[in-house]
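Participant: Just passing along the structure, written as structure tokens.
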Amino acid sequence: MPHIKGTPKTGGRVAGIPNKATRDIKEAYRMLIEKNLDNLTGWLEIIADKDPEKAIRIINDLSEYVIPKLARTDLTTGDKPIKTSINVTVDNSKTGETLQMLRNGT
């Protein structure tokens, strides 16, 4: 029987609960990782000896499955743009000279 518009939906899977196939794949993947933790550490050490940057990339990629990503937060002030300039007062001291050099790009 088709769903009648305006009536509450009944039955089916509860929101937030994965379907059986997704649940089974996640469980199989979790078991695979757990059984190979020592191997993964060794493999990462071998990769890091040859290419440390690649090892860091792998760790970063794997961390996405363990650490939840943070949502991006944009700061707004309504209709007014946020002021992006910074005023720097340069004095005659050594610090002032250094800041002036940095400002000039030298």
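Participant: Count of lysine pairs in segment 17-70 with Cα atoms under 26 Å apart, counting only pairs 8 or more residues apart in sequence or on different chains?
Facilitator: Total qualifying Lys-Lys pairs in segment 17-70 comes to 9.
Participant: If the chain between residue 63 and residue 102 were fully stretched, how many nm would it gain, using 0.36 nm times the residue separation less the Cα-Cα distance?
Facilitator: Details: separation 39, 0.36 × 39 = 14.04 nm, distance 3.70 nm.
So the extension gain works out to 10.3 nm.
Participant: Which of rounded, prolate, oblate describes segment 17-70, given a ≥ b ≥ c as roots of the alpha-carbon gyration tensor eigenvalues and a/c under 1.5 marking rounded, otherwise prolate only if a/b is larger than b/c?
Facilitator: Numbers: a/c = 3.79, a/b = 1.78, b/c = 2.13.
Oblate.
FYI, it's all coordinate maths here, none of it is from the lab. Keep in mind that this is a model prediction, so the values were computed, not measured.
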